[in-house]
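The values are calculated or read from the model by the stated rules, or taken from the named source; none is laboratory data. Here the structure is a predicted model, which is why all the values come from computation and not from measurement. Note: ideal-geometry Cβ built from the backbone for every residue, glycine included; neighbour counts use all protein chains shown.
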Amino acid sequence: ITSELLTHSLQRKMDAAGISGDVRVSFADNIKNWRQKSYRIDTVHNKVSHHPIIVQGKQEIVELAWVAGVGDCTGTGFGSLL
């Protein structure tokens, strides 16, 4: 279900940017060394994962994912790609 949510989030960003095409975002299942960490923004604590993802789509979509991120709160670094 997480893959579906990440894909949907990126599709909303594609619509806003006027980009069309098929896309799929998923976690890289073959990599096991991911970690979780808690971050605090003001008084809100967020639990996040540092986990590699795979973005499948045309080059323009992959570039959008790199620039805009794939999750929510990308302006504060959550959902951003490093």
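Numerical summary
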{"item": "Whichever residue in the range 49-82 is modelled with pLDDT under 75, surrounded by fewer than 16 Cβ atoms within 10 Å (Cβ to Cβ) and not hydroxyl-bearing (Ser, Thr, Tyr) and, among such residues, is nearest to residue 6 (Cα to Cα)", "result": "72"}
{"item": "Residue count for the range 5-45, restricted to those that are over 16 Å from residue 70 (Cβ atoms) and either β-branched (Val, Ile, Thr) or at pLDDT below 90 (or both)", "result": "16"}
{"item": "Residue count for the range 47-65, restricted to those that are assigned to a strand (DSSP E or B) and either touching a Ser or Thr at 6+ places or on another chain (Cβ under 7 Å) or of a type in the set (A, V, I, L, M) (or both)", "result": "5"}
{"item": "Residue list for the range 6-18, filter: assigned to a helix (DSSP H, G or I) and without any contact (Cβ under 8 Å) to a residue 40 or more places away in the chain", "result": "7, 8, 11, 12, 15, 16"}
